1. Over the Cα atoms, compute the radius of gyration (one decimal) and Dmax (the largest Cα-Cα distance, rounded to a whole number) for the chain, in Å.
2. Hand me the chymotrypsin sites (Phe, Trp or Tyr not before Pro) from segment 109-168 located in a DSSP loop with no more than 10 other Cβ atoms within 10 Å, in residue order please.
3. Given the pairs Lys5/Lys214; Lys75/Lys176; Lys51/Lys176; Lys51/Lys91; Lys75/Lys173; Lys5/Lys133, which are separated by over 20 angstrom at their Cα positions?
4. Once you mark the GluC sites (Glu not before Pro) that are in a DSSP loop and have at most 15 other Cβ atoms within 10 Å, what is the longest gap between them in the chain?
5. With each run of n ≥ 4 DSSP H residues scored as -39500 (n - 2.57), what mean residue ellipticity at 222 nm is computed for the chain after dividing by its residue count and rounding to the nearest 500 deg cm²/dmol?
6. Using only Cα atoms, locate the centre of segment 82-121 and the centre of segment 64-80, then give the distance between them in Å, rounded to an integer.
7. Need the list of aspartates and glutamates near Lys116 for cross-linking: C-alpha distance under 14 angstrom, and skip anything on the same chain fewer than eight residues off.
8. Given a Förster distance of 35 Å, report the FRET efficiency between Val109 and Glu172 from their Cβ-Cβ distance, rounded to the nearest 0.05.
Amino acid sequence: MTKYKTNVGNYQMAYQFYDNPSNEVVVFIHGIPTNSHLWDQIVPYVNKDFKVIAVDMIGYGDSDRAPYYDLTLPKQAAYVISLLAQLGIEKANLVGHDLRGGVVQILSVTNPHRIKSLTIADGVTYSNWPLPKVVSIRYPTAFEFQPSPLFIERMLREGLYHPQLLPPYLLEKFTKQFSGEQGQLALQQASFALDHHQTEDIVPYLPKVTLPVKLMWGQHDRYLPPYWER
């Protein structure tokens, strides 16, 4: 699938677009350490009824890299709104996984008029993040904490209940983006950007959200257990 790019502030954001006669748009937003290909096996089902956009968030995939202070969840939320504006999309259905569950929560508070519905899959919330494993790569004290493709592979494999859902081509998509010295530095910057206050600060406003919301957690999620759905 061809990837497109558009300007979002000071950076270029890459995204995949799947057309459909429908006027409804679904935007898929990945977490760490993945990219838009996280949704490759899901998009064909959704695309039967909706236009679909799967983004590479800034700092990931084929999007521009950035320093940590431009990779926070509020900043990433602003990039999503900028993308919608650039593409002339007034409202969209947002699906956020992991960190981007936090992004769509922020958008539900700051830009509810741009959203038709929210779906959060195993999303960060309150103070249940960043994961110790993700924090460990900031100042690695042992080889196993080096921000390398091997670290990403271990993290993904440990988090999967069904290992067959990570075929070799997909694993390469996730690890290649952070290979080499510059890639490892980019992954560290992504980690430094994470602070649980970014979701805790909006908690008082969440009860006022009136948008349709669907929350999903994997029963056997090793990183963000279903407890947080409640």
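Every read-out reported here was derived from the displayed coordinates using simple, explicitly stated rules and does not represent laboratory data. Please read these numbers as outputs of a predicted model, since none were measured by experiment. Please note: Cβ atoms are built from the backbone with ideal geometry, for glycine as well, and neighbour counts cover all protein chains shown.
1. 16.6, 52
2. On the way: sites: Tyr126, Phe143, Phe145, Phe151, Tyr161; in loops: Tyr126, Tyr161.
Here the sparse-neighbourhood loop sites are Tyr161.
3. Details: Lys5/Lys214 29 Å; Lys75/Lys176 24 Å; Lys51/Lys176 28 Å; Lys51/Lys91 12 Å; Lys75/Lys173 24 Å; Lys5/Lys133 31 Å.
Table pairs above 20 Å Cα-Cα are Lys5/Lys214; Lys75/Lys176; Lys51/Lys176; Lys75/Lys173; Lys5/Lys133.
4. Working: sites that count: Glu24, Glu90.
The longest such stretch corresponds to 91-230.
5. Details: 8 runs with 71 residues, N = 230.
Helices in the chain give a 222 nm mean residue ellipticity of -8500 deg cm²/dmol.
6. 15 Å
7. Leaving aside aspartates and glutamates fewer than 8 places away in the same chain, those within reach of Lys116 are Glu24, Glu90.
8. Details: r = 36 Å, r/R0 = 1.04.
Here the calculated transfer efficiency is 0.45.
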